[in-house]
Amino acid sequence: MTVIPTWAQLVYLACAVCFILALKGLSGPKTARAGNLIGAAAAVVACAVPFFYKPDGLEHLHHVPLILGAIVIGTVGGVVGARRVQMTQMPQMVALFNGVGGGAAALVALLELHELVGAADLGADVDWFVLVATAFTIFVGSVSFAGSVVTFAKLQELMTSAPVTFPGLALGFGAGIVAAVGLSTQLALDPAMWVGIVLAVVGLAFGLLLVLPVGGADVPIVISLLNAFTGLTVAAGGYVLDNVVLLVAGTLVGASGTFLTLLMAKAMGRSVANILFGALKGGSTLGAGVASDRPVKSANPEDVAIMLAYADRVIIVPGYGLAVAQAQHTLRELVDVLSERGADVDYAIHPVAGRMPGHMNVLLAEAQVPYEQLKEMDEINGDFKDADVVLIVGANDVVNPAAKTTPGAPIYGMPILNADEAKQVVFMKRSMRPGFAGIENELLFEENTTLLFGDAKDSMGKLLNAVKAL
Amino acid sequence: MNDAVVWLTIFILSVFVGIEVISKVSSTLHTPLMSGANAIHGIILLGAIIVTGTTDNTVALVVGLVAIVLAAVNMVGGFVVTDRMLQMFVRRKKKPVAAGSDGAGAAR
């Protein structure tokens, strides 16, 4: 195996410590940006190291111009993607970046297997545990890649966001696991390239099966889980390559990612197993995803303006639809005007508002909404009963009482904002189409609910003018 | 100590550290944290560079270069996009300070 000089080992150690500091920094608002930069610096330094020592008895690293070229291509691609992406599309972007990382890990493991097979053919004794770790990286890396691609397609609405199930799915699942274990055992006993390639293909298929049955609203949890998977593959890759920084960084991401996944699932009142396999058991077929034609009470902007202008306590519930319409800035203006008129206005932020936990905070931060007006769910849920008007903009599932009342609904058990307790509820909606979870919202048909149809930005502009005119 | 045991030790300790360092994260920061952690596993780029630079097989070289491109997208893109998000948080944190009448606002 590669002999790494002591100085390089020490640099790797320093980089591993920096990754710990980076994660620590990222978990606090004041230190987050510094944490991210520390992580980036450590990653760059760690990647520069192999260019400066003699690996494997070679005089120097081979193919340096090609390697640098590939790095430049990847860097340009990454930077352009990262700069162009809309904040609303952040979950897809994270999924995509995660997927390519998982894919890269699987390819690295396949290459390492190629080396190991070569060594075994020459009569060298290859440790079976190294082969198991290689198999793990190939399989889980492929799962992560395929799963992330499906996740991306669901969020980008390239395919239906509803759970996709078909007969035999559970069977395919079991077969995938059996095949993966069998192939890994085969690989450990008798290393051969074809086994690795078949294992990668099985991994890709398994990744598809894993994510297809997950409903759109739950997809972010899956992103987080796949992120943790990729972390673990990188860790296993570190063991195979004898590289401590890969091991530590990968394990950190694997462990923290798993923990974060559990935290998010808890915020949605669900177990991870239920999110992944709920659709397999049936029951979440409630989401027909079609617009209802039941009667609702709709109003024009002027009516809603009067309602808002004479309210003392207003709570805004922003959702993903707000951000898609780019109406955050107009909303902030409206809130400013209402505050000037003496109303007490807050934003109620559901932990999974937007399409990913914490996403809405990012989106409103972009619109420069003052920090202290953003209230977390637990903090504000008691206030709804005193609210004169709740204005729900582009949100749906996070105020859907079905989460409390309808066992079997995909969102059943998710803690929701108690908007239904307010004296008046105003929904700003584009259409009667259901939310991302694909289920009808009973709150729309309540007596004290008023609907303001139209594009959020357009309606918000009219509403703002109407309030100003009063 | 057996070599594999050394690795196992590092692995187990890293698991605990990984959980411990993020155990107090607020839900506000879930998205950037996920994105930042995502960028960190882009360090597989280092592995891709090593395997590509030590191979002499043409097919392996091509596969390795693909892995490098993918890993670089993950790593660089991940850090840049996380920074973009966090930049907005910083701006939001400054605003109330600047608007406030306390000394901190004046000092800025």
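Every number in this text was worked out from the coordinates using simple rules, so none of it is lab data. Quick caveat, the model's predicted, so the values are computed rather than measured. Note that we place each Cβ from the backbone using ideal geometry, even for glycine, and neighbour counts take in every protein chain shown.
Overview of values
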read-out	value
For segment A:399-470: Kirkwood Rh in Å [reciprocal of mean 1/r, alpha carbons]	13.6
Residue mean of other protein chain beta carbons inside 10 Å, A:367-380	2
Karplus (6.51, -1.76, 1.60) ³J(HN,Hα), θ = phi - 60°, over segment A:12-23, in Hz, Gly and Pro reported as x	4, 4, 4, 5, 4, 4, 4, 5, 4, 4, 4, 5
Listed peptides A:65-72, B:51-58, A:356-363 by packing density, highest first (mean Cβ within 10 Å)	A:356-363, B:51-58, A:65-72
Values of log10 I(q)/I(0), in the order q = 0.15, 0.21, 0.26 Å⁻¹, for segment B:5-45 under a Debye, Cα-only, solvent-free model	-0.48, -0.80, -0.96
Fewest-first ranking of B:10, A:349, B:44, using other Cβ atoms within 10 Å as the exposure measure	B:10, A:349, B:44
Rg(Cα) / (2.2 N^0.38 Å) computed for segment A:52-151, rounded to two decimals	1.37
Angle in degrees between helix A:193-211 and the longest Cα principal axis of chain A, rounded to the nearest 10	10
Other protein chain Cβ atoms within 10 Å, averaged over every residue that makes up A:81-90	4
Long-range tail of P(r) for chain A (Cα pairs > 39 Å, %)	32
Residue exposure sequence - A:230, A:6, A:251 - by fewest surrounding Cβ within 10 Å	A:6, A:251, A:230
28 Å tail of the calculated P(r), segment A:219-378, as % of Cα pairs	45
Per-residue ³J(HN,Hα) for segment B:23-38, Karplus 6.51 cos²θ - 1.76 cosθ + 1.60, θ = phi - 60°, Hz, x for Gly and Pro	5, 10, 5, 7, 5, 4, 9, 4, 5, x, 5, 4, 5, x, 4, 4
Charge-dipole axis of the protein assembly as shown as Lys and Arg at +1 and Asp and Glu at -1 on Cβ define it, positive-most pick from B:6, A:19, B:65	A:19
Principal-axis tilt of helix A:90-121 within chain A, Cα atoms, nearest 10 degrees	10
Nearest 10 degrees, 0 to 90: helix A:219-240 Cα axis against chain A principal axis	20
P(r), alpha carbons of segment A:293-355 - 10 Å bins starting at zero, rounded %	18, 44, 34, 4
Using alpha carbons only: equivalent-ellipsoid semi-axes of segment A:301-469, gyration tensor based, whole Å	23, 17, 16
For A:355, A:33, A:294, order by how many other beta-carbon atoms lie within 10 Å, fewest first	A:294, A:33, A:355
Pair residue A:127, residue A:378: separation of 7 Å Cα→Cβ label points (nm)	4.4
Residue pairs, from the table A:30/A:375; A:404/A:462; A:266/A:297; A:429/A:468, whose Cα atoms sit over 27 Å apart	A:404/A:462; A:266/A:297
Karplus-derived HN-Hα couplings along segment A:147-156 (A = 6.51, B = -1.76, C = 1.60, θ = phi - 60°), whole Hz, x at Gly and Pro	x, 5, 5, 5, 4, 4, 4, 5, 6, 7
Most to least packed among A:296-302, A:38-44 [average Cβ atoms within 10 Å]	A:38-44, A:296-302
Peptide-level mean, for A:344-356, of C-beta atoms on other protein chains within 10 Å	1
Segment B:26-100 - Kirkwood radius from inverse mean 1/r over Cα pairs (Å)	14.3
Cα radius of gyration and Dmax for segment A:104-215 (Å)	15.8, 52
